[in-house]
Amino acid sequence: MIRYEVIVIGAGPAGLSAAIEAAAHGLQVLVFDENAKPGGQLFKQIHKFFGSKEHQARERGFRIGEKLLAEALGLGVKVILGAQVIGIFAHRQVTVMQGDHMEYYVGNSIIIATGATENVISFSGWTLPGVIGAGAAQTMMNIHGLRPGKKVLMVGSGNVGVVVGYQLIQAGCQIAAVIDGAPHIGGYGVHAAKIARMGVPFYLSHTILQAHGTKSVSGATIVEVDSFWQPVPGSEKNLDVDVICLAVGLSPLAELPRLAGCRMQDNPLKGGLVPVCNQYNETTVKDIYMAGDAAGIEEASSAMIQGRITGNAIAHQHGYIENTEFDQCHTKYQGALNQLRAGMFKRDSRKETGLRYTQEGYTLSKTLLTKGFLSTSELSVFPGIPTEVRRRQGVTPIIECTQNIPCNPCQDVCPKGCIKIGDKITNLPVMSASSCLGCGLCVASCPGQAIFLVDETYEDQFAAVTIPYELVPLPGEGSKGVACDRAGIPLGEAEVIHIRTTAYNDGTALLTMKVPIEWAMEARFFKPDHIGEGG
């Protein structure tokens, strides 16, 4: 039997972060993962993260995964892949299936960071090829370079649904619709807005009734549901799709702590059955700890900080750090975690449907909550929208961030201090009186792609609008296309006058288009000729 000071089960964001923290304090750490590659979900995630610098905001998930893996290996962490942990027994004995044989290990401490599994819903035809989970779609696209299909129905409007919907468009798919049984979009409004301005419709209070096809999906029928979640007769709609993508939530993978004898609780706010843990993520079984989605469903940024908290606690428990250093680290990590858990999307409010105001007192956009885009009349009241007088002075950032999301890269990157958020990262961004350089750093760094540059002084009767652009191929300067508004409705012809791509932008091009001046506050997407309807 092989002994290690710390055994981590799961090489995802939480597990690697916990391993790094423990190893950095001098502990001998071994990590098991059943997959062929480490990193968990991170290597599927090509979008930029929210938060602040300490949360690795504006970094893409796969780059964060690369950094975590390199740091862990550099600290001497041993990672064994293709290793399935099938049980944790008395005295922290771990049984691992490696290939066709069993191996037996024992850990002074064990960290369970097994992540989560995708939920599914059943409906007529749900077993047809072409009905896939959102995670499977990400794996196909971002790991294997395969397009799941041509036209997709996305079931679920949470962050996973809208983020994967955007990535499907990047992969060349069209999104026929995003549906959700709830009356409001569940994910961040900025994520929904990305696909709404590409023409993707949202059908809320709708569910899927049937998948059509014999050998594979050839269509779908959706139906409206009432307040009791019952189908409304006569409200059926048929959609021409070849993929039905399910993004209907996640459930913690918590079988191992249950088998280890940890006390469990059914906690809907954490996604289901999870072990009871203290503030240091230790379960009711001494020296067995949790981290990440296995302890409760959250974003990957939160999982990484949870891993740090766990690794720090174990180092202290086994005498590798003194009380003062431990307390300082724990306070720092807990503070960072609390920031991510604040705002209108925190655990205890994400299920509420009665949210009407931001924490500053602004009325939330109803069209953003129900259709995925901001109306011009609603937009004008928010502090990130400059006045008409200010816009006439030259290049001006238009910050269409109207929900209390934990994120502040725009404030950090602005060299002129034009954008203010303050110490509380869930505050809405505010435009200051400083003059904008037009550098576009805020546009490129915004994880929600919610910042645009408008120059109403570009030419007589014409404005220049700079937008974030992450589709390929990039249109060249001089290209003609169609400018679309926030709802994806074509406004008319637009011309690309400038394209900026730099390493700092990390794949986000800054596309500047020339439009009639009356469209300056409306044009938010450029549709080249090669992009069809809905994407």
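The values are calculated or read from the model by the stated rules, or taken from the named source; none is laboratory data. Since the structure is predicted, the reported quantities are computational estimates derived from the model, not experimental observations. Virtual Cβ from ideal backbone geometry, glycine too; neighbours counted across all protein chains shown.
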Handout entry: Residues of segment 310-328 satisfying the condition of being surrounded by fewer than 24 Cβ atoms within 10 Å (Cβ to Cβ) and in contact (Cβ under 8 Å) with a residue 40 or more places away in the chain
Key = 317, 318, 320, 321
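How many of the residues making up segment 434-469 are hydroxyl-bearing (Ser, Thr, Tyr), buried (at least 21 other Cβ atoms within 10 Å of the Cβ) and closer than 11 Å to residue 396 by Cβ?
Of the residues in segment 434-469, 1 are hydroxyl-bearing (Ser, Thr, Tyr), buried (at least 21 other Cβ atoms within 10 Å of the Cβ) and closer than 11 Å to residue 396 by Cβ.
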Exercise for the section: Test residue 121 against the stated conditions and say whether it is of a type in the set (Val, Ile, Thr) and crowded, with 20+ Cβ neighbours inside 10 Å. Expected result: no
Handout entry: Residues of segment 503-527 satisfying the condition of being assigned to a loop (DSSP other than H, G, I, E, B) and either surrounded by fewer than 20 Cβ atoms within 10 Å (Cβ to Cβ) or not basic (Lys, Arg) (or both)
Key = 503, 504, 505, 506, 507, 508, 520, 521, 522, 523
Completion exercise
With the first residue restricted to segment 279-295 and required to be on the phi > 0 side of the Ramachandran plot, and the second required to be part of a strand (DSSP E or B) and crowded, with 24+ Cβ neighbours inside 10 Å, Cβ contacts under 6 Å at 6 or more apart or on different chains are 281/289; 281/290; 287/109
Exercise for the section: Could you pull out the residue among 294, 300 that is out of contact with any strand residue (DSSP E or B) (no Cβ under 9 Å at 6 or more places or on another chain), of a type outside the set (Val, Ile, Thr), under 30 Å from residue 130 (Cα atoms) and crowded, with 17+ Cβ neighbours inside 10 Å? Expected result: 300
Problem - Output for segment 381-414, where each listed residue is in contact with a helix residue (DSSP H, G or I) (Cβ under 7 Å, 6 or more places away or on another chain) and part of a helix (DSSP H, G or I) - result: 409, 410, 412, 413
Practice task
Starting from segment 220-231, keep only residues that are more than 14 Å from residue 210 (Cβ to Cβ), then list their pairs with residues that are of a type in the set (Gly, Ala, Ser) and modelled with pLDDT of 95 or more whose Cβ atoms are within a distance under 8 Å, requiring at least 6 positions of separation or different chains.
Solution key: 224/205; 224/235; 225/181; 225/205; 226/205; 229/181
Practice task
Kindly indicate which of 156, 199 is in contact (Cβ under 8 Å) with a residue 40 or more places away in the chain, small (Gly, Ala, Ser), closer than 18 Å to residue 44 by Cβ and crowded, with 19+ Cβ neighbours inside 10 Å.
Solution key: 156
Exercise for the section: Go through (1) under 23 Å from the mean Cα position of the chain (by Cα); (2) without any contact (Cβ under 8 Å) to a residue 24 or more places away in the chain; (3) outside any loop (DSSP other than H, G, I, E, B) one by one and return the number of the condition residue 145 breaks. Expected result: (3)
Completion exercise
Those residues of segment 188-241 that are in contact with a His (Cβ under 7 Å, 6 or more places away or on another chain), more than 18 Å from residue 157 (Cβ to Cβ) and hydrophobic (A, V, I, L, M, F, W, C) come to a total of 0
Exercise for the section: For segment 30-46, indicate whether the set of residues that are buried (at least 16 other Cβ atoms within 10 Å of the Cβ) and over 31 Å from the mean Cα position of the chain (by Cα) is non-empty. Expected result: no
Problem - Among (1) surrounded by 19 or more Cβ atoms within 10 Å (Cβ to Cβ); (2) in contact with a helix residue (DSSP H, G or I) (Cβ under 7 Å, 6 or more places away or on another chain); (3) at pLDDT 95 or above - the single one residue 280 does not satisfy - result: (1)
Handout entry: Qualifying residue in segment 437-444 (condition: under 26 Å from residue 55 (Cβ atoms), part of a helix (DSSP H, G or I) and more than 20 Å from the chain's Cα centre (by Cα))
Key = yes
Handout entry: Residues that are closer than 29 Å to residue 405 by Cα and among the polar types (S, T, N, Q), drawn from segment 450-474
Key = 466
Handout entry: Filter result for the condition that a residue is buried (at least 24 other Cβ atoms within 10 Å of the Cβ) and either hydroxyl-bearing (Ser, Thr, Tyr) or within 22 Å of residue 220 (Cα to Cα) (or both), over 182, 137, 193
Key = 137
Fill in the blank from the handout: When (1) under 21 Å from residue 46 (Cα atoms); (2) not in a loop (DSSP other than H, G, I, E, B) are applied to residue 453, the one that fails is (1)
Completion exercise
When restricted to 392, 341, 356, the only residue at pLDDT below 95, farther than 30 Å from residue 177 by Cα and charged (D, E, K, R) is 392
Handout entry: For residue 487: the one exception among (1) under 23 Å from residue 172 (Cβ atoms); (2) in contact with a strand residue (DSSP E or B) (Cβ under 8 Å, 6 or more places away or on another chain); (3) surrounded by 18 or more Cβ atoms within 10 Å (Cβ to Cβ)
Key = (2)
